[in-house]
Amino acid sequence: MSSNDALYVDDAQLIKRLNLPKNFDPVTFKYLQDKAGFPEPEADFGNKRYYPAVVAWLDHSYGLGDRRPYFVKSDDREKYPSIKKRRKTRWGE
């Protein structure tokens, strides 16, 4: 597995993968995390960020995708009432 295949990346790897300038300040990630819901580092994975969640966050920020699988807990999703239509019979009953 190469470093480009890793799912969890540290800030230096994230900067490289996102093709940001080498002098980019990783503190910006903390700011985005607090203000805009940027994915947080996972303590269980060596304080690294889940890269697909970062991609989903960026896609959503630019109107390209839906970030619910990564950012919304199942309890927080709106529950829509099910609408059942009665099937009309051949005689219209």
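So here's what we get for this one:
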quantity: Protein-only accessible surface order, largest first, of ASP44, ASP59, ASP5 at 1.4 Å; calculated: ASP44, ASP5, ASP59
quantity: Segment LEU64-LYS22, extension gain: residue separation times 0.36 nm, minus the distance between their alpha carbons; calculated: 12.5 nm
quantity: Radius ratio Rg over Rh of the range 1-66, counting only Cα atoms, Kirkwood formula for Rh; calculated: 0.95
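The values are calculated or read from the model by the stated rules, or taken from the named source; none is laboratory data. Small disclaimer: the values here were computed from a predicted structure and weren't measured. Calculation scope for accessible area: heavy atoms of the full protein, side chains included, ligands and nucleic acids excluded. Shrake-Rupley method; radii C 1.70, N 1.55, O 1.52, S 1.80 Å.
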